[in-house]
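Visitor: Starting off with a structure, shown below.
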Amino acid sequence: MDRLLTATQQAIALLFNGDAELWKIIGISFQVSSMAILIALLPALLTAFLLSYARFPGRRLLISVFNTLLSVPAVVVGLTFYLLLSRQGPIGDLRLLFTQSAMVIGQIALCFPILVAMGHAAFQSADKRAWETARTLGASPVFALVTVMREVRFGLLAALLAAYGRIIAEVGASMMLGGNILSYTRNIPTAIALETSKGEFAQGIALGIVLLILAFSLNASLQYFQGKGHFVT
C-alpha cells in the first residue's frame, strides 16, 4: 500500500512538474490518434450513410462484416499490418514499419468499423423524410447529406468519441507497428506496458491518470452535447 501511495505521489509530481519525456509520450499519443480519426472520419461516415440509404447487392453482408470487425482484437490488427509492412510483406518496400505512419494505419483500421457501425445505427434512426424532402426541394446530395447528419449529430458524435477512445487507449497494434521507440513511436499505452514490466510504476500511473481524465472528458462532452448545453441527469 505504501508503495502504491508513493508511486501515485511521484506520478502526480511528474505531471505537474512538466516532465519532458512524459509529455512527449502524451503528445505522440494525441498526434497519432487525432491523425487517424481525422483521416477515417469522412470516408467512414459516407460508408455508413450509403449502407443506410442505398440499396445494392451485398449490402447486408457489408453491414455484418463491419459489425464483426468491432470485436477484432487490436493485436490481430497489428499482426495483420505487421505482416503487410514487414520487409517480406507485399508493401514492405514502403518502409513504414516502426513509424508513426504505421501506427496511424493500424489505428485507422481499428476506428473505421466503429465509425461505420455506430454511424449506420445513427443514420438508421433518422427520419428518411429528411433526405427525401431535401432532395425534392432541389437540394444537392451534399446539402441533403448535411441535413441528415444534423438530424443525427448526437449519434455521430457518440461514434466519434467511442472511436477516439478506442484507438488512443489500444496497445497491441501500436506496440507491433510502432515498436515503442522513445520520442518517436512510444505512446501512452505502450509506455504504460513498458514501465509496468520494468517495475517502474510512477510514469505508468501518471499516464493512466491522463487516460482516465481523457475518458471522463469524452463522456462528459457527449453528455453535455446530448443535453444541448446542459449535463444530462
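Visitor: Given a Förster radius of 22 Å and the C-beta distance between residue 75 and residue 196 as r, what FRET efficiency does 1/(1 + (r/R0)^6) yield to the nearest 0.05?
Guide: Values: r = 17 Å, r/R0 = 0.77.
Result of the calculation: an efficiency of 0.85.
Visitor: HN-Hα J couplings of region 159-176 from phi, Karplus 6.51/-1.76/1.60, θ = phi - 60°, integer Hz, Gly and Pro as x?
Guide: 4, 4, 5, 5, 5, 5, x, 5, 7, 6, 9, 7, 10, x, 5, 5, 5, 6
Visitor: Moving on to the next point. Figure the gain on full extension for residue 137 and residue 54 (residue separation times 0.36 nm, minus the Cα-Cα span) and round it to one decimal in nm. Don't jump to the answer; show the numbers that get you there.
Guide: On the way: separation 83, 0.36 × 83 = 29.88 nm, distance 1.97 nm.
Answer, rounded to one decimal: 27.9 nm.
Visitor: For region 48-140, take the convex hull of the Cα atoms, compute a quarter of its surface area, and give me that in nm², please.
Guide: Computing the convex hull of the Cα atoms and averaging its projections yields 8.3 nm².
Visitor: Taking the dipole about the Cα centre of the chain, with the C-beta of Lys and Arg at +1 and of Asp and Glu at -1, give me whichever of 172, 12, 131 is farthest to the positive side.
Guide: Of 172, 12, 131, it is 131.
Visitor: Something else: Evaluate 2.2 N^0.38 Å with N set to the residue count of region 46-92, then give the Cα radius of gyration divided by it.
Guide: 1.57
Visitor: Where the centre of each part is set by its Cα atoms, how far does region 9-66 sit from region 154-170, in angstrom?
Guide: Taking the Cα centre of region 154-170 as reference, the centre of region 9-66 is 6 Å away.
Visitor: Please give the length that would be gained between residue 154 and residue 212 if that part of the chain were fully extended, namely 0.36 nm times their separation in residues minus their C-alpha to C-alpha distance (nm, one decimal). It would help to have the intermediate numbers written out before the result.
Guide: Working: separation 58, 0.36 × 58 = 20.88 nm, distance 2.25 nm.
Here the answer is 18.6 nm.
Visitor: How large is log10 of I(q)/I(0) for region 77-130 at q = 0.22 Å⁻¹ when the intensity is taken from the Debye formula with one equal scatterer per alpha-carbon?
Guide: -0.77
Visitor: Which residues in region 88-117 have a backbone N closer than 14 Å to a point placed 7 Å from the Cα of residue 184 along the Cα-to-Cβ line?
Guide: Those under the cut-off are 95-103.
Visitor: Could you tell me which of 212, 23, 202 has its Cα farthest along the dipole of the chain towards the positive end, charges placed at Cβ (Lys, Arg +1; Asp, Glu -1), taken about the Cα centre?
Guide: Farthest along the dipole direction, towards plus: 212.
Visitor: Add -39500 (n - 2.57) for each DSSP H run of 4 or more in the chain, then divide by its residues: what number comes out at 222 nm, to the nearest 500 deg cm²/dmol?
Guide: Calculated from helices alone, the mean residue ellipticity at 222 nm is -25000 deg cm²/dmol.
Visitor: May I pose another question? What do you get for trypsin sites (Lys or Arg not before Pro) in region 1-94 restricted to DSSP loop and a cutoff of at most 16 other Cβ within 10 Å of the site's Cβ? Intermediate results must be reported in sequence, preceding the final value.
Guide: On the way: sites: 3, 24, 55, 59, 60, 87; in loops: 55, 87.
Sites meeting the loop and neighbour criteria: 55, 87.
Visitor: Once both axes come from the Cα atoms, what is the angle between helix 201-226 and the longest principal axis of the chain, in degrees from 0 to 90, rounded to 10?
Guide: 20 degrees
Visitor: Taking the Cα centre as origin and putting +1 on Lys and Arg beta-carbons and -1 on Asp and Glu beta-carbons, what dipole magnitude results for region 2-226, to the nearest 20 debye? Walk me through the numbers before you get to the answer.
Guide: Values: 15 positive and 10 negative charges, 152 e Å.
Computed charge dipole of region 2-226: roughly 720 debye.
Visitor: Follow-up. Taking the mean number of other Cβ atoms within 10 Å as a proxy for protection, how do you rank 30-39, 173-182 from highest to lowest? Show your work: numbers first, answer last.
Guide: On the way: 30-39: 18.4, 173-182: 22.0.
Per-residue mean Cβ counts within 10 Å order the peptides as 173-182, 30-39.
Visitor: Next question. Expressed as a rounded percentage, what relative contact order does region 2-226 have, with Cα pairs under 8 Å and six or more residues apart?
Guide: Values: 273 pairs, mean separation 69.9, N = 225.
Relative contact order, region 2-226: 31 percent.
Visitor: A follow-up question, please. What is the percent of Cα-Cα separations in the chain that go past 28 Å? Before the final figure, lay out the partial values.
Guide: Details: 11367 of 27028 pairs.
The proportion of pairs with Cα distances above 28 Å equals 42 percent.
Visitor: Right, next: Between rounded, prolate and oblate, where does region 7-55 land on the alpha carbon gyration tensor, with a ≥ b ≥ c its root eigenvalues, rounded for a/c under 1.5, else prolate if a/b exceeds b/c? Write down the numbers at each step before the final one.
Guide: On the way: a/c = 7.66, a/b = 3.65, b/c = 2.10.
Prolate.
All of the numbers you see were taken from the coordinates with simple rules; none came from a lab. These figures come from a predicted structure and were not determined experimentally. We place every Cβ from the backbone using ideal geometry, glycine too, and count neighbours over all the protein chains shown.
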